[in-house]
1. So Gly315 clears everything in (1) assigned to a loop (DSSP other than H, G, I, E, B); (2) within 21 Å of Leu338 (Cα to Cα) except one condition, right? Which one?
2. Would you confirm, using the coordinates I've provided, whether Val147 is open to solvent by less than 60 Å² (accessible area, probe 1.4 Å), within 21 Å of the chain's Cα centre (by Cα) and closer than 30 Å to Leu23 by Cα?
3. State the number of residues belonging to the range 65-102 that are farther than 21 Å from Thr138 by Cβ, of a type in the set (A, V, I, L, M, F, W, C) and buried (at least 17 other Cβ atoms within 10 Å of the Cβ).
4. Go through Phe160, Phe126 for me and flag whichever is outside any helix (DSSP H, G or I), open to solvent by less than 30 Å² (accessible area, probe 1.4 Å) and not hydroxyl-bearing (Ser, Thr, Tyr).
5. Give just the number: which of (1) in a loop (DSSP other than H, G, I, E, B); (2) open to solvent by less than 50 Å² (accessible area, probe 1.4 Å) does Thr138 not satisfy?
6. In the range 297-335, what residues are under 22 Å from the mean Cα position of the chain (by Cα), open to solvent by less than 10 Å² (accessible area, probe 1.4 Å) and either among the hydrophobic types (A, V, I, L, M, F, W, C) or at pLDDT below 85 (or both)?
7. Just for the range 336-380: of the residues that are in a loop (DSSP other than H, G, I, E, B) and open to solvent by 60 Å² or more (accessible area, probe 1.4 Å), which one is modelled with the lowest pLDDT?
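The values are calculated or read from the model by the stated rules, or taken from the named source; none is laboratory data. A quick note: this is a predicted structure, and the numbers were derived from the prediction, not measured. In this analysis, Cβ positions are derived from the backbone assuming ideal geometry, glycine residues included, and neighbour counts consider all displayed protein chains. Please note that ligands, DNA and RNA were not included when accessible areas were found on the heavy atoms of the full protein model with its side chains. Shrake-Rupley method; radii C 1.70, N 1.55, O 1.52, S 1.80 Å.
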Amino acid sequence: MQSIRGRLKALSIADLLEFLRHLNRPGLLSVTAEGTAIGLYLSAGRVVHATSTCDADRLTSLLLRWGWLSPEQHDETMRRAAGGERIGKALVQSGLAPRRLMEARLRQVRGIAGSLFEWDAGEFVFLEGETPPEEGITVDLSLTEVVVEGIRSVRNLRLFRERLPSRDWVFEAIPAGERRVSVPLQPHEEYVLNLADGTRTIGEIHEVSEFPELETLRVLFLLYVTGCARAKAQTGADTIQDEARDEVTGMVQRYNARLALLYRHLAREVGPITDHLLMNSLRALQESRPALFARATLGGDGTIDGERLLESLRGIGAGQRREALIEGLNELLYSEMLIVRKVLGPEHEKRILRAFGDLDADAGVPVVGGGETPPPRSVA
């Protein structure tokens, strides 16, 4: 597989780490911003090593700050390291107990990984197959644990308002037996989870919560990312008439023809991880367009459930439904095409675009040209 690249925004490191947990491939996640570079080495859904160019993240600096190393021991360690001795050996020779060294490595990795949750911008690349430096001490830290600890440790609480900007979104708890992973929640998190009853909006949860608004948003974001709660589209009494229902069904069928074609191509090239790759696109839309996609699911052939979309459209004003559906499905198709480009390369992307053209020709729709990925136009 080729490298996977992208840009970070507020708290999107949580989504990225969850995606890599599903991907379950060994490699190096390298993240850069404003002259700082952080690397997380992954294996079997776990962080095994971390690097940072930030001076404050150096192991010797951390040990000195924590009081685990005296100034004299620090100076002795640095003299030994300057003479060519490995830093771990130099620390032990200077008086740090081996057990303390192992604890310090784990605490260092936690801190480096956790610091990424404060970033609101940056670029990332995942290089599959990259391994940690030889003979270095590794750790064993699950990606789920990194995500949970990272969200709990965020100091810049405005980031949660950026990720959950609408007070009108509704959240509901997911039964424990249906959750993707088991996350031990703290008492205040269980409290907020109980408030997410599927009827209250974020604004209403804040009003009844014992905690400040941004702390409540922190918990809701944690519950959402870890699969303890999901966004739910509001539904009204409005119904969709038969004529409009037929139009929507036809639109979804035309988009599904493209989604199924793309799925088959990707599955043939990369195998079972196709489902994880495409679910990542859908999860992003469930976050950015919950009114339409909160209930959406992908079938085993990559198509989207039209009935779920119809249910969600009931909560959208009648005059806005067609535009919302077209824009949403275009965005889903475009994000999946970007996955093809990142994972397989531009040649595969061009093949799929040509196949889309054949579908359009069969349906009597003007053919889309090949080349760079365009934002997919409506096929309605």
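1. Just one mismatch for Gly315, condition (2).
2. yes
3. 1
4. On inspection, the qualifying residue turns out to be Phe126.
5. Just one mismatch for Thr138, condition (2).
6. Selection gives Ile304, Leu329, Leu332, Leu333.
7. Per the stated criteria, the residue is Val367.
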